[in-house]
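Have a look at the structure below, then the notes.
The values are calculated or read from the model by the stated rules, or taken from the named source; none is laboratory data. This is a predicted model, so every value here is computed, not measured. We work out accessible area using only protein heavy atoms, side chains counted, and drop any ligands, DNA or RNA first. Shrake-Rupley method; radii C 1.70, N 1.55, O 1.52, S 1.80 Å.
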Amino acid sequence: SYLDEKTGFIDQIVEKKKKLIELLKEKRTAVINQAVTKGLDPKAELVDSGIDWIGKIPKGWQVRRLKFLGQAIIGLTYSPENLVSEGGILVLRSSNVQNGKIVLNDNVYVNKLIPKKLITRENDILICSRNGSRNLVGKNALISKESEGVTFGAFMTIFRSKYNKYISQFLKSKTFNSQLSTTLTSTINQLTTYFLNNIFIVIPPDKEQVKICLFLDLKNKLVDESINRVEKSLGFLNEFKLSLISNVVTGKVKV
């Protein structure tokens, strides 16, 4: 009875903190969507975009399809015989994209001749285009200096353009996700290059793109720090719960 009461109270706190993390993520998505569809100036003059579901956009902005801004490239096909433990080239996969960043663990290497266009470049956008889990299709991350010069697997797609810092923010927006959801079904978990190329993006002039990216980088950093603090507190709560149970059942704490 003692442990039911105490652990139940801890579980309630844990659930509230998990909900807080989800709220922080939703807030981040909302901030990104506002910035990449309406800009940073709330007093900006708005004009009709010409597309009903997009609505009005700031004057001077354009609605373009991604295929007119850059190139979508499908990843490398390889066989088990190409896998090596050392001396090969790193193949980025879905597991290397975590929380909008490239994470270099759970790595796979191949010994195979790699076409030049399949070698990652800084500011490429790596996108999960096929996955057993529907929720993972579309997750993406910007290739950093540390993750350039490698390759990527056949279930991944690289989008390459000079606008990628801005486009990478757009690909985290509700506007992108709402378009993505129209191509995913219970039987098809794939973002084809055809569909990706035909995604509509609201794009501002170059100078405004820079301002928006700087603004969102700061906002994303603040949200990430908040989420990290909450996740750390979840770890402490879990440790405390296990410690409490251990101490009670071994008689170290009297009840």
Amide hydrogen neighbours beyond the local backbone of VAL84, cut-off 5 Å, H modeled: TYR109, VAL110, ASN111
Integer Hz, Karplus 6.51/-1.76/1.60 couplings in order for the range 165-176, x for Gly and Pro: 4, 6, 4, 4, 6, 4, 6, 9, 9, 5, 4, 5
Accessible surface of the range 1-76 [probe 1.4 Å, protein heavy atoms]: carbon and sulfur percent: 50
Directionally averaged projected area (convex hull, Cα atoms, the range 97-142), nm²: 4.1
Heavy atoms of LYS232 accessible to a 1.4 Å probe, total area in Å² rounded to 10: 130
Helix axis angle, 2-38 relative to the chain longest principal axis, alpha carbon, degrees: 10
Interchain or long-range residues, amide H under 5 Å from VAL103's placed H: VAL97, GLN98
The chain: most fluctuating residue of ALA35, ALA154, ALA44 per GNM, C-alpha cutoff 10 Å: ALA44
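In cubic angstrom, how much convex hull volume per residue do the alpha carbon atoms of the range 1-50 span?
Values: hull volume 4.1 nm³, N = 50.
Convex hull volume per residue, Cα atoms: 82 Å³.
At a temperature of 37 °C and a viscosity of 0.692 mPa s, determine how fast the range 96-193 diffuses translationally according to Stokes-Einstein, using the Kirkwood radius over alpha-carbon pairs as Rh; express D in µm²/s, rounded to the nearest whole number. Kindly include the intermediate steps, with their values, before the conclusion.
Details: Rh = 14.1 Å.
My calculation gives 233 µm²/s for D.
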Per-residue HN-Hα couplings for the range 81-96 [Karplus 6.51, -1.76, 1.60; θ = phi - 60°; Hz; x = Gly/Pro]: 5, 7, 6, 9, 8, 8, x, x, 10, 5, 10, 6, 10, 4, 5, 8
Those lysines that a straight Cα-Cα span of less than 21 Å connects to LYS254, excepting residues fewer than 8 apart in one chain: LYS6, LYS241
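Over the range 201-255, what lengths in whole Å, largest first, do the semi-axes of the equivalent ellipsoid take, defined as the square roots of 5 times the eigenvalues of the alpha-carbon gyration tensor? Let's see the in-between values first.
Details: eigenvalues 486, 13, 5 Å².
The answer is 49, 8, 5 Å, longest axis first.
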P(r) weight above 19 Å for the range 6-88, C-alpha pairs, percent: 68
Principal-axis tilt of helix 206-249 within the chain, Cα atoms, nearest 10 degrees: 20
In Å, descending, principal axis extents of the Cα set of the range 30-142: 58, 26, 25
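Could you tell me what percent of the accessible area of the range 125-247 is made up of carbon and sulfur, with a 1.4 Å probe and every protein chain present? Each step should come with its number before you reach the end.
Values: 3490 of 6180 Å².
Of the solvent-accessible surface of the range 125-247, carbon and sulfur hold 56 percent.
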The chain: equivalent-ellipsoid semi-axes (sqrt of 5 x gyration tensor eigenvalues, Cα, Å): 38, 28, 16
Average Cα contact separation per residue, the chain, under 8 Å, 6 or more apart, as relative contact order %: 25
Backbone HN-Hα couplings from phi across the range 63-76 [Karplus 6.51/-1.76/1.60, Hz, Gly and Pro as x]: 9, 10, 8, 4, 5, 8, 10, x, 10, 9, 10, 6, x, 6
Heavy atoms of SER161: accessible area, 1.4 Å probe, square angstrom to 10: 30
Solvent-accessible surface (1.4 angstrom probe) belonging to ILE57, in square angstrom, nearest 10: 10
Gap separating the Cα centres of the range 1-72 and the range 117-179, nearest whole Å: 18
